[in-house]
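Computed from the coordinates by the stated procedures, all read-outs in this text should not be read as laboratory data. Fair warning: this is a prediction, and the values are worked out from it, not measured in the lab. Here the Cβ positions follow ideal geometry from the backbone for every residue, glycine too, while neighbour counts run over all protein chains shown.
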Amino acid sequence: IEEVSEALFAEWEKELNEYTNRTLRNSSKQQLKTARQNYVRLIKAMHKAESKIQPVLAAFKDQVLYLKHNLNARAIAALQHEFIEISIDISQLILAMEQIIAEANQFVAVLVDQQNRDQKALPGR
């Protein structure tokens, strides 16, 4: 995501010099700035959620291995407490992912809103 985004931003920045209309160029430049700011927030949120995934997966793997090696009634009973903890971790992970999705939706909404405002502001409209 980051490589593609940076390539798109670089291309956008380069193409700013191709405008002959100063108003359109400035509008596009402002859109680029806003998009980059929103993108930075989105990437930070994604990295934050990404850092939470690995510990949950590691705990889950531990439980799977434990079950695999000790599959008996006592082991299953002992895992009940761990299951509750993992369930809580998974719930927190889901909340983090929902926050990221909300950030992404907000990012897209801002871009669409900005595009609509810019189209209305174009000369001749």
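For the range 83-114, filtered to residues that are farther than 22 Å from PHE60 by Cβ and among the charged types (D, E, K, R), the residue that is surrounded by the fewest Cβ atoms within 10 Å (Cβ to Cβ) is ASP113. Taking the listed residues SER5, SER91, the one that is farther than 18 Å from ASP118 by Cα, of a type outside the set (Lys, Arg) and either in a loop (DSSP other than H, G, I, E, B) or in contact (Cβ under 8 Å) with a residue 24 or more places away in the chain (or both) is SER5, with no other qualifying. Looking only at residues in the range 17-41 that are surrounded by 15 or more Cβ atoms within 10 Å (Cβ to Cβ) and among the aliphatic types (A, V, I, L, M), the one that is farthest from the chain's Cα centre (by Cα) is LEU24. I'd like to check something: does the range 42-59 contain any residue that is surrounded by 13 or more Cβ atoms within 10 Å (Cβ to Cβ), at negative phi, within 26 Å of the chain's Cα centre (by Cα) and touching a residue at least 60 places away in the same chain (Cβ under 8 Å)? Within the range 42-59 (the criterion being surrounded by 13 or more Cβ atoms within 10 Å (Cβ to Cβ), at negative phi, within 26 Å of the chain's Cα centre (by Cα) and touching a residue at least 60 places away in the same chain (Cβ under 8 Å)), the answer is yes, since at least one residue qualifies. Within the range 94-125, the only residue that satisfies the criterion of being among the aliphatic types (A, V, I, L, M), over 27 Å from ILE43 (Cβ atoms) and in a helix (DSSP H, G or I) is ALA121.
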